[in-house]
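The values are calculated or read from the model by the stated rules, or taken from the named source; none is laboratory data. Predicted model, so just to flag it, every value in this text is computed and none were measured. Positions of Cβ are generated from backbone atoms using ideal geometry, with glycine treated the same way; all protein chains shown enter the neighbour counts. Each accessible area value is taken on the protein alone, full model and side chains, heavy atoms only, with ligands, DNA and RNA left out. Shrake-Rupley method; radii C 1.70, N 1.55, O 1.52, S 1.80 Å.
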Amino acid sequence: MATPTASTPSPATGKQTPDATVKWQHRHVIDSSKLSYTDVQEILNTAKTFADILSRPVKKVPTLRGKVIVNMFYENSTRTRTSFELAGRYLSADISNFSIATSSVKKGESIIDTAETLAAMGVDAVVIRHSSSGICQQLANHFGNRLGIINAGDGWHDHPTQGLLDLYSILEKRSCIKGKKIVIVGDITHSRVARSNIAILNLFGADVHVAAPSTLLPVDIEQLGCKAHTQIEPALEGADIVMCLRLQLERQKAGLIPSLSEYNKFYTINKERLQRHCKPDTIIMHPGPMNRGVEIASDVADDKSTSLITNQVTSGVAIRMALLYLVLSTPVERGQ
Ligand code: CP
């Protein structure tokens, strides 16, 4: 496996992509904004190979036989945890789901001590979801390349595999996204999915917009490479792709939206809004889990002619197989 070249300009944008190009030998996938165009292209190409394998009756390959992966999910998950588990199993790795509720975490053990314990048992990589932004980087700094750290969503910071699977799903339908208007609608402030997508879609030259009530829109969000809107109509005007985000219902309790019915009136992605403002063949996406009737109307979510929601879930397995493969099959650089 070739090491991606540092500072590769994106062919889509001509811009220099991040210097800190991922080296799989370092065994971590933590931050979408640190991925270069070349890194993402390599992940997509690898995922395509695995997607082809997944379409066969027998999905299992021996690629990661002998490798051990532990899922450490400190927050709830259906899609990410299950697809990482299936991805590991399809690659013949041994994969264990660490149960936080019945572990010594409940006796106050720190996450570093917990991960050290797993490393001492011969675990090769951990897949982590945690409410604390930056926890994966903290673990990577502590472990170096002794233990692979894969971010499955850390606080509001990042959810790299979601951004990657979203891009993969789009590229299955549209060969190029350069200049395409992609609108992310919902609770941008608390969304790691929005941050991942802004970073990754920008690498490929998309015209990224975000839309939310001002209470759910960080003031400095445009610095990440997007245009911010507090009204949905100008955001949706001429959109090629609309990504809905889950409205975390606790935001209403925190006073960030007046009521769900108000949110529904002004921001819900429904057929009428799509027909009035977007392109006729606009793609609809949602990372899940959905609050039907809140951020997305049910008929929009279920319209197979435009909704990519199921495709996103399917792509997640191939993308996670690709990352596990790249992280665990590349020889470790000693002394890093
Ligand atoms: N999209 C996503 O992260 O879903 P889960 O919370 O079910 O993993």
Expected single match for within 15 Å of the chain's Cα centre (by Cα) and not aliphatic (A, V, I, L, M) among S33, S55 is S33
Inside the range 66-94, the number of residues satisfying the requirement of being within 16 Å of the ligand (Cβ to nearest atom) and either not assigned by TED's automatic domain parsing to the domain that holds A51 or not hydroxyl-bearing (S, T, Y) (or both) is 12
Reported set for the range 257-300 where residues are open to solvent by 80 Å² or more (accessible area, probe 1.4 Å) and in a loop (DSSP other than H, G, I, E, B) is P258, K279, P280, D281
Those residues of the range 90-110 which are β-branched (V, I, T) and either under 19 Å from V327 (Cβ atoms) or part of a loop (DSSP other than H, G, I, E, B) (or both) amount to I95
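With the requirement that a residue be in a loop (DSSP other than H, G, I, E, B) and at pLDDT below 85, what does the range 240-256 give you? Give the derivation first.
First, the residues of the range 240-256 that are in a loop (DSSP other than H, G, I, E, B): 240, 245-249, 254-256.
Selection gives Q248, L249, A254, G255, L256.
Against the definition (within 16 Å of the ligand (Cβ to nearest atom), of a type outside the set (F, W, Y) and within 18 Å of A152 (Cα to Cα)), how does S131 come out, yes or no?
Details: within 16 Å of the ligand (Cβ to nearest atom): yes; of a type outside the set (F, W, Y): yes; within 18 Å of A152 (Cα to Cα): yes.
Against the criterion (within 16 Å of the ligand (Cβ to nearest atom), of a type outside the set (F, W, Y) and within 18 Å of A152 (Cα to Cα)), S131 qualifies.
State whether one or more residues within the range 46-59 are more than 21 Å from V313 (Cα to Cα), part of a helix (DSSP H, G or I) and out of contact with any Phe, Trp or Tyr (no Cβ under 8 Å at 6 or more places or on another chain). It would help to see each step written out before you state the result.
So the first thing to find is which residues in the range 46-59 are more than 21 Å from V313 (Cα to Cα), and the list is none.
Among the residues of the range 46-59, not one is more than 21 Å from V313 (Cα to Cα), part of a helix (DSSP H, G or I) and out of contact with any Phe, Trp or Tyr (no Cβ under 8 Å at 6 or more places or on another chain), which makes the answer no.
State all residues of the range 244-286 that are within 16 Å of the ligand (Cβ to nearest atom), charged (D, E, K, R) and touching a residue at least 40 places away in the same chain (Cβ under 8 Å); if no residue qualifies, say none. Steps first, answer last, please.
As a first pass, look at the range 244-286 and keep what is within 16 Å of the ligand (Cβ to nearest atom): 244-250, 284-286.
Going one step further and asking which of them are charged (D, E, K, R), we end up with 246, 250.
Listed by number, the list holds a single entry, R246.
Restricting attention to the range 71-108, report how many residues are more than 19 Å from the chain's Cα centre (by Cα) and modelled with pLDDT of 95 or more. Step through it out loud before you land on a result.
Of the residues in the range 71-108, the ones more than 19 Å from the chain's Cα centre (by Cα) are 89-108.
Applying the additional criterion that residues be modelled with pLDDT of 95 or more yields 89-96.
Adding up the residues that qualify gives 8.
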The condition from (1) surrounded by fewer than 22 Cβ atoms within 10 Å (Cβ to Cβ); (2) farther than 23 Å from T310 by Cα that R174 misses is numbered (2)
Taking the range 134-156 and the residues there that are under 19 Å from L323 (Cα atoms) and under 14 Å from the mean Cα position of the chain (by Cα), the one that is nearest to the ligand (Cβ to nearest atom) would be G153
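Restrict the check to the range 195-210 and report whether at least one residue is part of a loop (DSSP other than H, G, I, E, B), modelled with pLDDT of 95 or more and within 16 Å of the ligand (Cβ to nearest atom).
no
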Going through the range 33-84 in order, the residues found to be touching a residue at least 24 places away in the same chain (Cβ under 8 Å) and of a type in the set (D, E, K, R) are D39, E42, K48, K59, K60, R65, K67, E75, R79, R81
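From the list A119, A125, A51, pick out the single residue that is modelled with pLDDT of 95 or more, of a type in the set (G, A, S) and open to solvent by less than 20 Å² (accessible area, probe 1.4 Å). So that I can check it myself, show each step before the final result.
Numbers: A119 fails: open to solvent by less than 20 Å² (accessible area, probe 1.4 Å); A51 fails: open to solvent by less than 20 Å² (accessible area, probe 1.4 Å).
Only one candidate qualifies: A125.
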Output for Cβ contacts, cut-off 6 Å, separation at least six or different chains, first residue in the same structural domain as Q248 (by TED's automatic domain parsing) and over 12 Å from T268 (Cβ atoms) in the range 287-300, second open to solvent by 30 Å² or more (accessible area, probe 1.4 Å) and within 13 Å of the ligand (Cβ to nearest atom), reads G288/R79
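Taking the criterion of being out of contact with any Cys (no Cβ under 6 Å at 6 or more places or on another chain), over 16 Å from R192 (Cα atoms) and surrounded by fewer than 18 Cβ atoms within 10 Å (Cβ to Cβ), would at least one residue in the range 240-248 satisfy it? Lay out the reasoning, then the answer.
Going residue by residue through the range 240-248, those that are out of contact with any Cys (no Cβ under 6 Å at 6 or more places or on another chain) are 240-248.
Still in the list and also over 16 Å from R192 (Cα atoms): 240-242.
Filter again for surrounded by fewer than 18 Cβ atoms within 10 Å (Cβ to Cβ), leaving none.
Within the range 240-248 (the criterion being out of contact with any Cys (no Cβ under 6 Å at 6 or more places or on another chain), over 16 Å from R192 (Cα atoms) and surrounded by fewer than 18 Cβ atoms within 10 Å (Cβ to Cβ)), the answer is no, since none of the residues qualifies.
Could you identify the single residue in I184, I100 that is within 16 Å of the ligand (Cβ to nearest atom), at negative phi and surrounded by 19 or more Cβ atoms within 10 Å (Cβ to Cβ)? Before the answer, list the steps.
Values: I100 fails: surrounded by 19 or more Cβ atoms within 10 Å (Cβ to Cβ).
I184 is the lone residue from the list that is within 16 Å of the ligand (Cβ to nearest atom), at negative phi and surrounded by 19 or more Cβ atoms within 10 Å (Cβ to Cβ).
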